[in-house]
Structures are given as C-alpha cells and as structure tokens.
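J.: What follows is a structure written as structure tokens; I'll ask about it next.
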Amino acid sequence: MLRRQLLVLLLFVLFTANLAQKYVPNDRNDNDENDDEDQVQPVNRVQPPSNNNLKPASSINANVPPASDPLAPRRYIDSNRRPSSSLPTPLAASKECESDVQKYCGKGSKQLLSNLKVLQCVDDLDNAVNLINKDCQHRIYQFKYNMTHDPRFDDAAVRQCSKDIKLFDECEAYVTKRGSGRLVSCLYDYLANITEPSCRYFINQMQAIVFSDWRLTEYFSDACSADIAKLECGRLDDENESIPHEQGAVISCLSEKYGQLTITCRKEIFHLAEMQSDDYHLDRALYYACRDDRERLCSQVSSGNGRVYRCLYEKKFDSMMTPACRKEVHRRQSLVVADVKFDAPLIRACKGEMIQHKCNVDAVEGDQRSSLVKLLLCLEDTLKKGHHIQDECRREMLVHRRMLMSDYALSPEIVSECKTEMIQHCPSLFQQGASGSIGQRGGKMIHCLLGAARKERSFSSRCLTVINALVRAVDPGNDIRADPLLETACRPVIDTLCPRMKAGNSNVVLCLLDNLKNARMTEECEDRLMEVAYFMARDWRLTPRLMRTCQTNLKTFCQLPEDWSMNKELNDVQVGMYLGCLYQHRKNLDRECQGELKRIMHIRTQAIGLMPEIEDNCLTDLATCKNPEVKGEEFKCLQKKYNKLEEQCKAAVRNYTQMTMSDPTLDFLLMKACEPMMQTFCANIENGHENDLIRCLIKHKHEQKMDFRCKAGIDHHQITSMKDEAFLSQQFRTKCNAEVNEHCTGKKTKAGVIQCLADLMLRDVLKKTNAIRESCRDELRFELLQRSESIDFDPSLAKACRYDINRFCADRTPGNAQILDCLKENHNKVSAPCFARLRKREKLDVILPENDYSLMSKCATVIQKYCSNENKQNILSCLRHNINQDAMPNVCRRILYHRLMVLNSDARFNKGLIENCQRDIGKFCQSEIIDQDSDDKDSDEDDGDNDDKDTDKKDDPNPSPNTDENGDVKDREMGGRIIQCLRSKYADTTITLESPCVSELIDVIQTSKLDIKLDIRLYQSCRKSLNINGQCVGMDQEDCLKILYQQGKLEDDDCKEQVKRIIREGQADIHVDRALSFACQADVLKYCNDIPIGSGKQLQCLLSMGKSVTSQCQSVLEKRRELWESIYNVHDVIELSNRVLSSPNYDHWARLILLFSSFIIIVAAIYCAHVRQPYPEIIMNDLK
C-alpha cells in the first residue's frame, strides 16, 4: 500500500512540474532541464477574474494573443509568449524575476530553482512587496492564475479522485466543465469524506496557491467588492496589485468586521476561514504576522490539522509574542467564537456528537450566546447526562474552553453586557479601546468579574447571566485546565498537594477544595479557586461529579426534571436543595453516590462561599462576621450568633447545622483540627459510626495530648448543639423520640429538651416510676455528663449566674467544670436567680452522680478501683466509704466533700433521707417546712428556651411553688433545718425514730465526722473559736471542740450549743462517735451485736457490761461519761430555766415540772390541815 501511495505521489509531482513549465513563458531554452520539483497546491472554488479584477491583455502587452485563441484555455498576460509547442520559461529564468530570485532566493547557488521553490521563497520573504520588482510580481501572479485555471488540473483531479468523484453527485456534474475550477472546489467541500489518500493530498496542496491571493478564489471578488470598499479593507482595482501575502490583509480586515458584512460576502469569508482552519499557512495575514512567533514559541509543533493555531492560542498572552501576532490570533479566535464552523478541526472531531445530540450553533434572535458557547454547552450537556464523547472531541473542547476563559474580549456578550461592571469593579484592567493587552486579558478580567459577582451585590443581572453561561460552557470544575489563570495560580499547590491527580473528571479541583485550609494552600490559589467555586456552588449542574454519580438518585428521590439541560438558566433551584434532598435519603442512595455526596458536603463546610443557601440568605448577618482574623470561619461565626440572626438566615444556618450535628464528619473545621487526634484516641471507630466518633473526641478532649485547636472545635460543636432543638443528634432522636414527643413538646432548644428529660428522669428516680426507657436514659446520661463539663453547655445556668461568675469565678475557665464547681462552692452566696438554677443542678448531681462530670472525671481512678461494681446511683456512698484510702486523690476528695456537704446541708437533695424519714419529718419537723418541695413542678421552670437574648427577664414566666417573684427558692435554709430537726430528735433518747430513718441519719452524721466542714451548722458556729484556739491544729477538730467545751474555754453561745448537739448525738449511738466506735468495736460485736442501733441502746449495753469490756473501751467510756455529765451541770435556777426553755424536749420537761409542782401543793395542803398549833403561837414560842 505504501509503495502504491509513493508511486502515485511521484507521478503527481512529475505531472504538476511539467504542467507548470508548459504554461510559463520561456525566454531561455537552455533551462528546460529545470523542471518544477515542488508540489503544486490546488485551488478551492476558483474562477477567472472579472474584468474589474484582471485587466485585458492589451493593457499589459499588445502582443498577447486574443482570448478567443482555441489553443489558450485562458488569457496569457505575457509579452514573451512562445508558441505552444515550445517549453515555457521557468520563473527563475524569466527576465522579470531572474535577478530578484537570484538575489533573495538563490542563497549563492547557481542551480536554477523550480517554480514552486520560487513561489515559496517569495511567500516567505519579509517586505516582498517592496523588495520584488513589480514586473516580477505580475509574472508570478500570471503563473499562479494560469495554473489554477488550466483544464489539465481538472483532468489531474479526475485521475487522482476518480473513486471519490463517483460518490459525490454534485462533483461528478463538474467533470465535463473543464477549466472552470468547480471540480476542485467541490472536492474540497467533501474533503472530510474523501477516502483516497492521493486525492486528499492533491486537494490539500491546491489550497496554498488559492490563499496566497484572494483574487484567485471563485466568486470572492464579486461577493465582497462592495464590503471591501465600504469597510476600507483595500481596492479591487489597485493598479499596483500587491503581491500575494499582502492580499491576506484584505481577508483579515473583512474577518475582523465579520458582523458588518453582507450575507454573500460573509459566506465567502466563512468558506475561506474554514479552508484556512487546518493550516495556518493558509491564513496569510496571520502567517506573516506570526512567522517569527511560531519559530520562537511553537517550533516543535508541526503544521496541519490546526496544531499551529492551537499553539498560538495557548501562547497568546505570552510576553514573547509580538503585538502584531497577538492581534491576528485574536482576530482568528473571534471568527471561531462568532461561528464555530470556522474551526474545521473542532467540527470534524465533534461532528458525530453534534449530529447525534442536535447541537444547534447558529445564531438565534434574542440569544446573546456565541456560536462556540452554544456548542460547548450542548457538548457539556451530553457529558453531564452520561453520554460518551470521543477523546478527540474532548481535546478540541478543552482547547476552546481555555480560549474563552483566557480572553473576555472573545465573548461579545460580555463586552456588551458587562462594560459597566468592568469599569466599576475592574478599572485597573479595563482600558477603553485597548486591544490584546496582556494585563487586560489573560483571564484576569474574567476572574475579576467572577470575584465582583461574588462580593458585590450591585452586580447587574444581565452581566451575571452571561458570566453564568460562560462558566457553564467552560466548566473549570470538571477540568482545571479549562481555566488557565486558575491553573497557573494553583500550579505550585497542585504539584505539592495533588501531584498524582490526573486532569479531568474534577480530580484536581476536588483535591484543591479538600486542601482549601491546608497550610500549603496559597492565598492567590484560594482566591482564584473561590471565584470559580462561587458559581459552581450555585449551579447543581456544575457540582463536581454530582450529576455523573447521583443522576439516577436525583430523579428517584428529588424529582430532578427529565428535561434538565446545561443550556437553560436556573431560576430558583439551588444546589443546596438537591444536596439536602440527597442527604435526607442518604441511606437509600447508591454506594458511589453516597461517597460523592459525603465528600461534597464535607468540602462545602470549608467556606461560606461554597454554601450559597447560607451566604445568599445571610448577607446582613455576614457583614458582622467579616473579620480578617477568622477568614474562612464565617459559618462558625454565624453559629455563635445563632440566636441573634435574622429569621431567614437562622433557618438556613439551622438546616445545615442540623446535618453537621447528625454527621460530625461534615464539619470540615472540626475534622481538620481533630484529624490527628482521631488517629490517636479514636482509631478503632469504624466508618458509619459518626456519633461514636464525636463522643470519643468529647471523652478525650481534656487529655494532655489533645490538641488545643481540636478541643476548641469540640467545644464549639457542643455549645452550638445546645442552641436549637433541631440540633439533637440522630441517635438521640431515635432513642428518645417517644419521650420528647410525650413530655417535652414545645421546647425550642436542645438545652430545654435535655433539662425537660433530666427533670423527668429525676422524678423517675425519686418516685420510682419509669417514664423514660433505659435506651433513652443512656443517651440522656451522655448529654447530661457533657453538659456538666462546662457552664457554656447550659445556657440558662450561664445566663442566670452571669453576675456571680464575674464576682466569684472570674479567674476560672468554663471547661473542665471549673466555673460550675466554683459556683457550687459559693452556692450560699450567689444571687437568687443563680441559686434557683444551681440548686437544680446540685440536686441532679447528688441523686444521679453518674451525670456529674467533675466527680466522674476527677475520681475516675478511685471509682474504677473501689466502686466499679456499684450501682451508679450509689457512687457517692461508695466513695464516702473509701474517702480515707491512700489512693484517693486530693482533687477527688475535695469534690467529694462538696457533694457530701450538699447532702448533709439540705434534706431535699438527700433521696434516701426523704424516702425513709418522710413520716418522721411529718411527725416531728412539720413546722420547719414552708411549702412542700414539688419535684413534679421543677420542670416547669424556665428551661433556657429564651437563652442568649439581649434582655434578661426579671420575672420567671413559670415559677415553681418554692420560688419567689425573683425566681429564688423561698427558703434556702429549709432543707438544712429539716436535717437539724431530725438529728436533734435522733439525739433525744426519749424519742424513737423509725429504723430506716435512723439508718439514714447515722449515715448523715457519720459523713459529717469526715470533715468538720461537712457539719455545716457546727463549722459556721465554731469557725472563730477554732481559729482563736490554736491548740486544735493537727488533731480531730470535733474532739478538740468537745475538750474545749468540757474545759469551759468556749465563749460563743452558738458554738456551745452545736458542741452539745454533737455530744448528745454521741450518746444516742456509739456509731456516730468515731473514737468511741473504734475503741469499742470488738466489745459491741461481742456483747451488743443483737441490740438495735439508735436511742443510745448499744451504748447502754456497753455501760451495763461494766469492767467486762476491754480496757481501751473502758478508758474512752470514762472520758465520755465526764463529757456527758458536763452538758447537764446546772449552776442556778436561771440556767436551769434557760435549759428547759431552749431544750428540744421542752414540752416533756414542762409536763414533768407541772406534775411535780402539783404534787408538792397537794402534799402541803394535806399537811396544813392536820397542824393544830397556830403560827403565831409557834413564832412566840420561838421568840421565847
């Protein structure tokens, strides 16, 4: 096959050479051996020049034979014409051209150049119009004209293209019209369908001659003469007749003014441009303007199939390109944009797709989009809908997408519709009347408009529409190479962070978006990327990979219209709507769609510009979040201001935050900050268990290895979650949905829901009901535990205690329960609103200690060691029993003391005491109760649904029965008085309390013996006495106070009374006197183990045993006897009266005294009645 092609080529060369020599006048017969060795290039659509274009032979040379000569198929304008039988003279040997050819083309060689070599030399010669003499110029023109209109060219075409001619009926009709040039022109029109290599080669070579002079083209002269004159693009009757390469300027001029041409001339220009599109040599104006640029910038690119054009397009804004070349390249590009059919390689590569998908690229009235934009949108639509496009077509699309994105001036719709925006927002780039400036174009102006559309709300809708159309057509999100400026700005980042990413399929853009907050992301790359991403985020069709992976799911679950198209403008459908819909159905999506959806959602949280449904609805609120110090954290700022946002913005933030709460991995800032920590602490958490992941991070956020940025992100996540009921996790909703719907409807915040359920759980424990299921209890325990870690997680408490925090806890930080512990330590000093809420928190802590973060975290090791098998509600009791263990950390002991102090100071917090002493309280201590504390109504208190408002409400809208108009508990000391009352009854050996109540009281009293501070009344009354008497340092302070009392060294009356109380409690039962209990432990087991505790019964048992008890027990008993006697010594009647009146057994003693007095009176009366001797007589006797 190859041999056959070479043979045909050789024959063709020989034929064209002989033909050229025959029709050139020959003045020197001795040069006949110099045949034309070069290729003859045929013409497309040629015809003889009209009389206006070609002068008669007589006007040039009178010796030229008439045109009617049958031997001459065309007129020969040659004064030296030889008879037809003689050989024509080569151009190099003709007298008109010999000297010029030798001077400019010979290069010192004496060998005669062939005719085609001469033509090539003259075409490539700079300033040939001035260097070559005019006679030679005419001779060259005559030679080419005669060649292209010789019938034997038609004969050669028939020989080379016989098979193809039979396939084209239109061309076959011209076979008989020899010399008209119509056959070659017709074959060129069908060039894409020609199958014979020799025919294709022949037709392609003819183009070089045609485009060296527009006057050689068929019909062009007649079709464009009026336009040339009107637009001042040259003169057809120019007597000087410029040489061929100057004629390219006429076509160039007409091309620049393509829109102003008549229909007939436009058709001819189009045909010429179409022929030129494969080989840049054929666009003479561009060829001559860019010859040096081509050698300098595209030397490695071979000509043909538009390759040189593509290279020059790419180098258009290279600083090494000359302005003249840049101007011609721009002119060529403008033609292609105006009518894409001018670009034959593009049409050839995409012809199949254009036909199959009916891509209409013709101008339509009212449609401002250019022909190229229409084609690209049609092909993009084809790709987005999953259809296949050939690789060659894709490559051509990329070339033209880059071309559009590089130069705004190629898009006439942008020039016309965006002029105001360019002047207003891009003044430094816009120059009135400037053309082809690198600073003005190179993609900078387009990106300036993209940035202005993103930031400036005054951007006109008409300009925005054409910018949207351009971005859709170019689609840089699919292939970053389509945006040269973006690719250049991000190249260092791509090479560093995405080196192995293949271009196309959104790979590189997604990689850049994934690394938007990476330390290696440059500011310039981020800015250019966000300018493009702004438009991508507002058009779901441009969302990377979404349509390819989720199109079926969008149609199934989200009612994606069947007739959607890239050619349509969006009205009100935003990408967030479809993403939200897909997220709601995420469990039913295809696996590939699930993965892409999660990736897109993850990327969108990186910047507010990627979330148009938030950015567009929060313009006013975002204005307060434009702090450069928190660039990229605008959404986080909106979450912090959640309760102060406008309703429209609040709804948008709520919707997106709800998704991040359900799946914390969608929170980009959190995941970025915590990625190393997840590997450290939560590596065993599997994908799909997002709630377990955030819980793991929360659990370890106070670890020493925890990064402070991750901890801050976790805190923000937790704080934000409390601000709306919608932010409850999906896991919480699943397990507590029934309880929330039944008991907590109407709660607006998550904090309100949690408090409502906490009250319900507390009520369950106190009243032994089961309103909350165990599965919900587990979720609620986690929420309560994290709430107790920071006061910021309880907005209602933080608001109520704002003043007290500043007053007592200004040096504490919110985390690790520091402020909460501080408030608890000062709970008797805090303001009324704070005390009311703090009281509820303390009550929850002591009744359900597993929800007490401070206790559970600071005592974790002790709990694990000593209380791991205990019921969680009994953790406090277990810790109390192990409080003196060496393993007990001081920080744990301090927290434990406070919790025990709460239990000992307020009966309302002591669940066991309330349960077991209820009847005794009603019997002996009813007077201490102001109003029954109702747990049923605790939940009616303000639960924080109105937190974080600017104004504080003075009146609680739902006050509990135990709160006053200020929200304070009516009597803070009531619970303490009840405990004191019960302890006094317990100390009174004449009163018998119920056994369960006695057990609880012994536990309270024994707890108070751990530290004198746990006996609130004793410590408050005797604190001054302890400080004055330094001898108590280093010894048990209760025993020290007892000794001081026994020695009469206590002066404070209140302190004396409290010391007497604890002495009496020791009399009531041996177990509440630690020293006595320790000394007599063995004796109690031996002699009194079967004696019930309480009322001093076991103590009386020991006393009755006398000397049978151990000496150690005897010694302590003897000291205690002396102590007990000291509290009953009465020095006078007044003291006795005071004792009786102040005695808790006042009624009992009053009855005894009354009974005794009555008895004395009766006895006295009886005695007086029996006395016979009168008093005076007795007195007299005495006086005697």
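J.: In this structure, does residue 886 turn out to be surrounded by fewer than 21 Cβ atoms within 10 Å (Cβ to Cβ), charged (D, E, K, R) and either in contact with a Ser or Thr (Cβ under 6 Å, 6 or more places away or on another chain) or not assigned by the TED database to the domain that holds residue 983 (or both)?
T.: Spelling it out, residue 886 is indeed surrounded by fewer than 21 Cβ atoms within 10 Å (Cβ to Cβ), charged (D, E, K, R) and either in contact with a Ser or Thr (Cβ under 6 Å, 6 or more places away or on another chain) or not assigned by the TED database to the domain that holds residue 983 (or both).
J.: Still on this structure, please answer the following. Answer yes or no: is there a residue in segment 711-730 that is open to solvent by 10 Å² or more (accessible area, probe 1.4 Å), among the basic types (Lys, Arg), assigned to a helix (DSSP H, G or I) and modelled with pLDDT of 85 or more.
T.: Yes - at least one qualifying residue is present in segment 711-730.
J.: While we're looking at this one, here's another question. Which pairs do you get when a residue that is of a type in the set (A, V, I, L, M), found in segment 315-329, comes within reach of a residue that is surrounded by fewer than 18 Cβ atoms within 10 Å (Cβ to Cβ), reach meaning Cβ atoms under 8 angstrom, with the pair 6+ apart or on two chains?
T.: 320/296
J.: Among the residues of segment 450-461, how many are assigned to a helix (DSSP H, G or I) and open to solvent by less than 40 Å² (accessible area, probe 1.4 Å)?
T.: Qualifying residue count, segment 450-461: 4.
J.: Moving to a separate point now. Condition check: over 45 Å from the mean Cα position of the chain (by Cα), under 23 Å from residue 1020 (Cα atoms) and open to solvent by less than 40 Å² (accessible area, probe 1.4 Å). Does residue 880 satisfy that?
T.: Working: over 45 Å from the mean Cα position of the chain (by Cα): yes; under 23 Å from residue 1020 (Cα atoms): yes; open to solvent by less than 40 Å² (accessible area, probe 1.4 Å): yes.
So residue 880 passes the test.
J.: Taking the options 1081, 1112, 1100, name whichever one is surrounded by fewer than 18 Cβ atoms within 10 Å (Cβ to Cβ) and over 18 Å from residue 1002 (Cβ atoms).
T.: Within the list 1081, 1112, 1100, the selection yields 1112.
J.: Continuing with the same structure: Return a yes/no flag: does segment 851-860 have any residue that is of a type in the set (A, V, I, L, M, F, W, C) and farther than 22 Å from residue 780 by Cβ.
T.: No, segment 851-860 has no match at all.
J.: Among the residues of segment 879-896, which ones are more than 18 Å from residue 909 (Cβ to Cβ) and not charged (D, E, K, R)? Step through it out loud before you land on a result.
T.: From segment 879-896, those more than 18 Å from residue 909 (Cβ to Cβ) are 881-894; that's our starting set.
Within segment 879-896, 881, 882, 883, 884, 885, 887, 888, 889, 890, 891, 892 meet the criteria.
J.: Give all pairs with beta carbons closer than 6 Å in which a residue from segment 912-934 that is modelled with pLDDT of 80 or more meets a residue that is open to solvent by less than 50 Å² (accessible area, probe 1.4 Å) and of a type in the set (Lys, Arg); count only pairs at least 6 apart in sequence or on separate chains.
T.: 924/985
J.: If you don't mind, another one. Of everything in segment 791-817 that's open to solvent by less than 20 Å² (accessible area, probe 1.4 Å) and charged (D, E, K, R), which residue is nearest to residue 854 (Cα to Cα)?
T.: It comes out as 794.
J.: Same structure again: Please tell me if residue 774 is surrounded by fewer than 18 Cβ atoms within 10 Å (Cβ to Cβ) and farther than 29 Å from residue 1020 by Cβ.
T.: Judged against the criteria, residue 774 is a match.
J.: Quick one: residue 335 ticks every box in (1) in contact with a helix residue (DSSP H, G or I) (Cβ under 6 Å, 6 or more places away or on another chain); (2) open to solvent by 50 Å² or more (accessible area, probe 1.4 Å) except a single one, so which number is it?
T.: Single failed check for residue 335: (2).
J.: Okay, moving on. For the list (1) at pLDDT below 75; (2) open to solvent by 70 Å² or more (accessible area, probe 1.4 Å); (3) β-branched (Val, Ile, Thr), I need the number of the one condition that residue 969 fails.
T.: (2) is the only condition that residue 969 fails.
J.: Please report, ordered by residue number, the helices (runs of 4 or more DSSP H) entirely within segment 644-706 with at least 1 residues that are loosely packed, with under 15 Cβ neighbours inside 10 Å, touching a residue at least 12 places away in the same chain (Cβ under 8 Å) and out of contact with any helix residue (DSSP H, G or I) (no Cβ under 6 Å at 6 or more places or on another chain).
T.: It comes to 647-662, 668-681.
J.: A further question on this structure: Kindly establish whether residue 328 is more than 43 Å from the chain's Cα centre (by Cα), open to solvent by less than 50 Å² (accessible area, probe 1.4 Å) and of a type in the set (Asp, Glu).
T.: On the way: more than 43 Å from the chain's Cα centre (by Cα): yes; open to solvent by less than 50 Å² (accessible area, probe 1.4 Å): yes; of a type in the set (Asp, Glu): yes.
So residue 328 passes the test.
Each row is one residue, and each column tells you yes or no for (1) under 21 Å from residue 784 (Cα atoms); (2) of a type in the set (Gly, Ala, Ser).
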| position | (1), (2) |
| --- | --- |
| 858 | yes, no |
| 862 | no, no |
| 871 | yes, no |
| 878 | no, no |
| 901 | no, no |
| 905 | no, yes |
| 911 | yes, no |
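Every residue, every condition in (1) among the hydrophobic types (A, V, I, L, M, F, W, C); (2) under 27 Å from residue 665 (Cα atoms); (3) modelled with pLDDT under 80, yes or no:
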site	(1), (2), (3)
558	yes, yes, no
567	no, no, yes
574	no, yes, yes
577	yes, yes, yes
588	no, yes, no
592	no, yes, no
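J.: Counting only residues that are closer than 13 Å to residue 323 by Cβ and among the aliphatic types (A, V, I, L, M), which one in segment 423-450 is modelled with the lowest pLDDT?
T.: Only one residue tops the list, namely 434.
The values are calculated or read from the model by the stated rules, or taken from the named source; none is laboratory data. This structure is a prediction, so every number in the text was calculated from the model and none was measured. When we count neighbours, we look across all protein chains shown, and the Cβ atoms used for this are built from the backbone with ideal geometry, even at glycine. Side chains included, ligands, DNA and RNA excluded: accessible areas come from the protein's heavy atoms. Shrake-Rupley method; radii C 1.70, N 1.55, O 1.52, S 1.80 Å.
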